[in-house]
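Below is one structure, written out as structure tokens, with a few remarks after it.
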Amino acid sequence: MQFDHRTGRWQRRSQHLDRRSVLRGGLLGLGLVAVGGGLASCQGGGSADGGTRGDGVGGRGALADLGPLSTTPDVNDLLLPAGFTARVIGRAGEAVLGTSFRWHTDPDGAAVFAKPDGGWVYVSNREHLPGGVNAIAFNAQGVIERAYEILPGALSRTNCGGGVTPWQTWFSGEEFDRGLIWECDPFGVAEPQNWPLLGRFKHEAATVDPAANIVYLTEDEPDGRFYRFLSDAPNIGGRADLSRGRLQALRILADAMLINTPGQGSRYPVEWLDIAEPNPRLGLLSSAVPTRKQQPDSFAFNGGEGIWQQRGVVYFSTKGDRRVWALDVAAQSLQVIYDDAAFATPPLTSVDNLVMTPGGDVIVAEDQNSEQMAVAIRPDGRFQPLVQLGPKHVGSEVTGPAFSPDGRFFYFSSQRGTSNLVGTDGVTYAVEGPWWKV
């Protein structure tokens, strides 16, 4: 299949493409559905490039069997698997180690980008006023080299989730009703740029399908929509022109009551509806219709959160109903692959940021619950905790999950640290250990 940007549809190519090979290693292609007490068990696939792309994934394929988390918190008040250690790389209001740059409060969405010299950069949003995005650069041994700003808080605010582009930039989403997507250079060279045609709404996160350079976006509202942006000049293999194109909202071709029934694992066909005014001039005296209300027939998702794409499948989470969804891009069908209402004792009690490993593990960061963890939904259907915040972090949340390109380090933040005070705290960690199957 190939995407026709003129019609907004996928067309069959003369050379047949086995759809199973496109979806290999993804949960949707494996038929994993949250029903009864767990997920159906199947085999997973590996990474075509060894997992060293520097796109926020890292690793060498699928996660190892990490074993249970310790029951005793470490010196950072974290619970880790045996053989793993954590260190602080950034603490709110304090200089990043070896630099004079002060780390931000309220760290949220994050990602890792590879450098040509074998090192990498970890970028992190600030979900507060002012907002912005900061970065920490590491050498090939994982030692901090410098820290710097890539999006000033004077330009943006409440920067929540984001996403990595195929052309190696960072999308940072502003989470308020007139919020925009800002595109940032993780290396701090190019100036940040906002893209109004990606919609003015309460942005959470974004991802780009490199097969057609289509941008997919989530909206953090109880009646939020799921969007895609089709560039008029997608430039497959290069960067898309985000100043020209169409924003669309997803419609599910099924009854909403059936879709919202707990434990539903059916695949539903979808279509896309054009948004007439993606950049409405909202305000107290404005009569403009908010972006999400312009197409009433589009499906209302309950609190869109993290998003990730891999091998032709776009995964995203919704916090209001605590679900993880999977959109099969070629088939244009949508399926719930995790629904905590289907479990007597849910393995995930909240869902927020998402990141995936090359081997198909969907890692979910939990948002504000009593046992805040980063948990992997394994390709064989198991649930594997990676880290957990200790009792001193009650009231915080796990944010910013990302692996270094070599797979040695797992980065994440406790957004409000141990004080649970918005705007004053936040700690970012690096956890090192035997993450990968050998």
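When a footprinting reagent is the concern and you count Cβ atoms within 10 Å, what order do 356, 257 take, fewest first?
257, 356
Excluding same-chain neighbours fewer than eight residues apart, the lysines reachable from residue 293 by a Cα-Cα span under 28 Å are 202, 319.
Relative contact order of the chain: 21 percent, from C-alpha pairs under 8 Å at least 6 residues apart in sequence.
Once the chain from residue 371 to residue 267 is taken as fully extended at 0.36 nm per residue, the excess over their C-alpha distance is 34.3 nm. Residues of region 230-268 with an amide N closer than 12 Å to a point placed 7 Å from the Cα of residue 341 along the Cα-to-Cβ direction: 256-265. For the chain, the 222 nm mean residue ellipticity estimated from helices alone, with every DSSP H stretch of n ≥ 4 adding -39500 (n - 2.57) and the total spread over all residues, rounds to -500 deg cm²/dmol. Here the chain is treated as a sphere whose radius is the Kirkwood value from Cα pairs; by Stokes-Einstein at 25 °C and 0.890 mPa s it diffuses with a coefficient of 114 µm²/s.
Multiply the residue separation of residue 95 and residue 168 by 0.36 nm, subtract the distance between their alpha-carbon atoms, and state the gained length in nm to one decimal.
Using 0.36 nm per residue and subtracting the Cα-Cα distance, I get 23.6 nm.
Using a 7 Å offset from Cα along Cα-Cβ at residue 257, what residues in region 325-357 end up with backbone N under 12 Å from the label point? From region 325-357, the list is empty.
FYI, it's all coordinate maths here, none of it is from the lab. Every value quoted in this text rests on a predicted model; they were computed, and no experiment measured them. Ideal geometry is used to build each Cβ from the backbone, glycine not excepted, and the neighbour counts take in all protein chains shown.
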